[in-house]
Amino acid sequence: MYHHIKKLMYTVKVDDPDPRFGNMLLEQFGGANGELAAAMQYSIQGFNCDDPERKDLLMDIGTEELSHLEVVGALARMHLKPMKKSANRDAAEADPLVAIAGGGGVSLFNSMGAPWTADYLKITGELDVDLRSNIAAEARAKIVYERLINLCDDPGSKDALQFLMTREITHMKAFTLALESLGKDPFSIGNIPPTPVLVDEYFNDSTGVGDEGETDAKGPWNSGGSWIFVEEPELEQGVENLTGAPQAKNGKSGTSKVKSIAGDESPKKKRSA
Ligand code: MN
Ligand code: MN
């Protein structure tokens, strides 16, 4: 059940309406990382959720996002207001779609006039996977609000955007802790385990030195621990296919590394058989 209260979650004040900024604000009204997308994503995930405690979290935040939609809509409407004056050509040019088709009111489009779509939503029906999507969605909303704040001079607008931006970090924290509270291994998704050895192989698929000096990087994302760094996966695969037996090419030591670990039973060999 939904209930509307005739009060904004955060009081919005605009001293100096700027239709161009009003157009930018539509990104958070009907855009991919906007408030309607957040409200729908969390609420629909909540409808589908069988875990009553996390369902409560999804419904709480999904409903708060609807209140954010109302706040950002109010803010956009105030900035778009000059479009309501007839023959204000300057204001209309800030967003012709809103001015001509929408009469200066907000509608479910992004800042470029693309209609809102359910394709923005990430809903998998797997709670931990959905929570990961939500953490990323909150991070995206946060950075968009930050950019809007940086592009705005109006103190009242900045205040409202600071409020909305702050709440996204609050949500990111709640979703992160909810995910952690599930107590799942962070690399365990679903029920079918990944293939041993193959899961630890890092394929160095971008090689050479780039025009701006980019080289192959090493870090905890590809070396140390259980990582097996596969120097030139394409060459190794090719050599194996040609000769039917693992062997080093051009004397590169990297090519024998996986073989020495995985031997004849290497998943790579099985794949190419
Ligand atoms: Mn929000
Ligand atoms: Mn949020």
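The values are calculated or read from the model by the stated rules, or taken from the named source; none is laboratory data. Just so it is clear, the model here is predicted, and its values are computed rather than measured. Positions of Cβ are generated from backbone atoms using ideal geometry, with glycine treated the same way; all protein chains shown enter the neighbour counts.
What to note about this one:
- Every pair of residues 6+ apart whose Cβ atoms lie under 8 Å, when the first sits in the range 32-44 and is within 14 Å of Glu126 (Cα to Cα) while the second is in a loop (DSSP other than H, G, I, E, B) and near ligand 2 (Cβ under 10 Å from one of its atoms): none
- Under the condition of being surrounded by fewer than 15 Cβ atoms within 10 Å (Cβ to Cβ) and assigned to a loop (DSSP other than H, G, I, E, B), the residues counted in the range 115-124 number 2.
- Within the range 210-248, the set of residues being assigned to a loop (DSSP other than H, G, I, E, B) and at pLDDT below 65 comprises Gly244, Ala245, Pro246, Gln247, Ala248.
- Unmet criterion (only one of (1) at pLDDT 95 or above; (2) away from ligand 1 (no atom under 16 Å from the Cβ)) for Tyr2: (1)
- Pick from the range 50-80, criterion surrounded by 18 or more Cβ atoms within 10 Å (Cβ to Cβ) and either away from ligand 1 (no atom under 16 Å from the Cβ) or at pLDDT below 95 (or both), ranking: nearest to Met172 (Cα to Cα): Arg54
- Any chance Leu26 is under 24 Å from Ala174 (Cβ atoms) and either away from ligand 1 (no atom under 15 Å from the Cβ) or modelled with pLDDT of 95 or more (or both): no
- Selected residue (only one of Lys122, Lys142 is touching a residue at least 60 places away in the same chain (Cβ under 8 Å) and either in contact with a Leu (Cβ under 6 Å, 6 or more places away or on another chain) or under 28 Å from Lys173 (Cβ atoms) (or both)): Lys122
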